[in-house]
Amino acid sequence: MAGDTLRIYVPNDTAARSVGADAVAAAIERTAGERGVAIEIVRNGSRGLYWLEPLVEVAVAGERVAYGPVTPDDVPGLFDAGFTTGGKHARHLGATEALPYLSGQTRLTFARAGLIAPSSLEDYREHEGYRGLEAALAMDTQAMVDVVKESGLRGRGGAGFPTGIKWQTVLDTPGTQKYVVCNADEGDSGTFADRMIMESDPFVLIEGMTIAGLAVGATQGYIYLRAEYPQAIRTMNTAIAAAEQAGYLGADVCGSGRAFHLEVREAAGAYICGEETSMLESLEGKRGMVRYRPPLPAVKGLFGAPTVVNNLTTLATVPIIFVRGGEFYRDFGTGRSRGTLTVQLAGNIKRGGLVEIAFGRTLREVLEDFGGGTATGRPIRAVQAGGPLGAYIPTSQFDTPLDYEAFAEIGAMLGHGGLVVFDDTVDMGQQARFAMEFCAIESCGKCTPCRVGAVRGVEVIDKILSGQDEAGNRELLEDLCGTMVDGSLCALGGMAPFPVLSVLKHFPEDLVAR
Amino acid sequence: MTEAPASAAHAGTIREIAETRAAVPGALLPILHEIQDQLGYVPDSAVPIVASVLNLSRAEVHGVVSFYHLYRRTPPGRRTIYLCRAEACQAMGARDLEARLKEKLGIDFHETTSDERFSLEPIYCLGNCACSPALMIDETVHGRVTAERLDSLLEEG
């Protein structure tokens, strides 16, 4: 491509396309053709500033200038305004990197998201890609695990377990075959970080998994990827093929003489398969029934072999830790929550998107400074954090700092970092009912508290809402929640009561007869 | 019955899909995915074929087909609408969208319109939670869906 060709970036991410990015790209191409302007359209990933999508960027004098949200009807006017050279227009936002939403973040894991073309290995390499693997290949396996331990990286799926300790267990467990499994079954409502990495920066996941494989002695990796993400599946498969072609995957990774193979396995729409043991069952070709623990998957995981099971964002954070060092990463954050947190602002929020920041900012700061309040302009009434099993947090608790321990103290969880915002029109009784309904739909059925408890939970809430023995049934509901929390085998039944209990505690006025 | 020849043709396809993947570790899900990709659903007649190729019991294969929400047991309409029912979309009016969609199509979830144009399925999160409410038609995701947008999508479909 010619160096002086005008480059126009139009995101190819699912969310950007869901609000018209393809039509915008087509309109730009058509208009440029009509006007005889030579351009090259680059379909980059998303910056994660979803409220501005479709966010079109133009490269002007080495800097990217943003316009958004752009509709196809805006395009002729953008050409009239000279947007190809950064001209002023109602949609003109200025330099992308200077947008407060982006400049106020600490982009480590998501540094390349939206910057590069996800399909281009060359683009990835030009932006520090594969430098982490290069560093890792110079170390022995214990040194690699030590880097991760030193970084303080914790699992981003929700449990927050120290990643280095998990890797150590797999390294120390003897086995002729070991596996690395990436949990890309991002089923929690309000989360899209994993999807964004896969669609915007797929090679970082491949690199992270390769490092994990080399560190623990695993030669095969699987990405268990939700069927609900068809574009992520395509992007990952294309990227894996390119990495194999270039010698970054396969029988001889970068000439090291060590093998690492990687494959996408498509899930089939069961939320429970985000639970790691159920995911392993599914990968083995079975019903996604939760396993008893111990043994831990690190000791006896996929096909009975020692297996690293990590969340996608965790694995995608590994390369930068190897590029900059464990200490660099550890310097971000607070207390035992080190590094960065990936907040996803979702639901009824004015400026929804991905916010990667160091741990420790308060919930209110993120909702107000980044989120800008609700999309509807009404007051926020509740925020559900951590997905469908997370508590509904009332405004009185918005000064809680965003870290694992502080959230646990108020009976909530950060989980995968999804924050779903509701305005004051929300019916919290219905939200409580949905928590139980969802658990009933998604229960694997192995343990009784979850399988039966969730169904009874819906019934009891319906009785309360229809005015049958309200006080008695509220007591029964609390009792049932206790049974599910204490008696369930895994987090689905064990945590589905949390949103219900939070409604009973913070929004009791909604759990009444109507 | 006109179904017999079609189902015989399916039998050949199903067996071929299963046999070419039988050696893959944990082959059952990849096989079922491929059957659904090619036929649009996993017919009951696939269960004994896949079971015999993988040396599993029919109960085991049936158990897997029926466990996962995304495997269809009946042929879909020309297009399948997956409406997100999860919390982020609820916060932006998904319940109203659901009611409107069901009324317009005259069907409930897991059903197909009598003209076979649309099947309707619930889905729990498309990862488009910052552009809620969302739905997916076949493999195309639509965000910030208003009632008007929904109506025009149905007309286009």
Practice task
Please give the number of the condition A:Ala61 fails out of (1) at pLDDT 95 or above; (2) not assigned by TED's automatic domain parsing to the domain that holds A:Arg258.
Solution key: (1)
Exercise for the section: Output yes when any residue across the range A:442-449 is assigned to a helix (DSSP H, G or I) and within 13 Å of chain B (Cβ to nearest Cβ), and no when none is. Expected result: yes
Handout entry: Residue match in the range B:134-152 (condition: among the hydroxyl-bearing types (Ser, Thr, Tyr) and away from chain A (no Cβ under 12 Å))
Key = yes
Fill in the blank from the handout: Selection over the range A:160-215 where residues are touching a Pro at 6+ places or on another chain (Cβ under 9 Å), within 14 Å of chain B (Cβ to nearest Cβ) and part of a helix (DSSP H, G or I) yields a count of 3
Practice task
Answer yes if at least one residue in the range A:113-122 is in the same structural domain as A:Ala16 (by TED's automatic domain parsing), at pLDDT 95 or above, in contact with a His (Cβ under 6 Å, 6 or more places away or on another chain) and not in a helix (DSSP H, G or I), and no otherwise.
Solution key: no
Practice task
Could you check A:Met428 against (1) surrounded by fewer than 19 Cβ atoms within 10 Å (Cβ to Cβ); (2) within 14 Å of chain B (Cβ to nearest Cβ) and say which number it fails?
Solution key: (1)
Practice task
Would you be able to tell me the number of residues in the range A:390-412 that are more than 16 Å from A:Thr342 (Cβ to Cβ) and within 11 Å of chain B (Cβ to nearest Cβ)?
Solution key: 1
Completion exercise
Taking the range B:92-133 and keeping only residues that are among the small types (Gly, Ala, Ser) and either within 14 Å of the chain's Cα centre (by Cα) or within 18 Å of B:Val145 (Cα to Cα) (or both), one is left with B:Gly93, B:Ala94, B:Ala99, B:Ser119, B:Gly127, B:Ala130, B:Ser132
Practice task
Name the single residue, out of those in the range A:291-306 being surrounded by fewer than 17 Cβ atoms within 10 Å (Cβ to Cβ) and touching a residue at least 60 places away in the same chain (Cβ under 8 Å), that is farthest from A:Ala218 (Cα to Cα).
Solution key: A:Tyr292
Practice task
Report whether or not A:Asp73 is more than 14 Å from chain B (Cβ to nearest Cβ), closer than 14 Å to A:Ala23 by Cβ, loosely packed, with under 14 Cβ neighbours inside 10 Å and over 26 Å from the mean Cα position of the chain (by Cα).
Solution key: yes
Problem - Verdict on A:Gly94 being at pLDDT below 95 and either farther than 18 Å from A:Thr314 by Cα or surrounded by fewer than 23 Cβ atoms within 10 Å (Cβ to Cβ) (or both) - result: no
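For the range A:244-289, what are the residues that are in a loop (DSSP other than H, G, I, E, B), free of Cβ contacts under 8 Å to residues at least 60 places away in the same chain and within 14 Å of another protein chain (Cβ to nearest Cβ)?
A:Ala268, A:Gly269, A:Glu284, A:Gly285, A:Lys286, listed by residue number.
The values are calculated or read from the model by the stated rules, or taken from the named source; none is laboratory data. These figures come from a predicted structure and were not determined experimentally. A quick note on method: Cβ atoms are made from the backbone with ideal geometry, for glycine too, and the neighbour counts reach across all protein chains shown.
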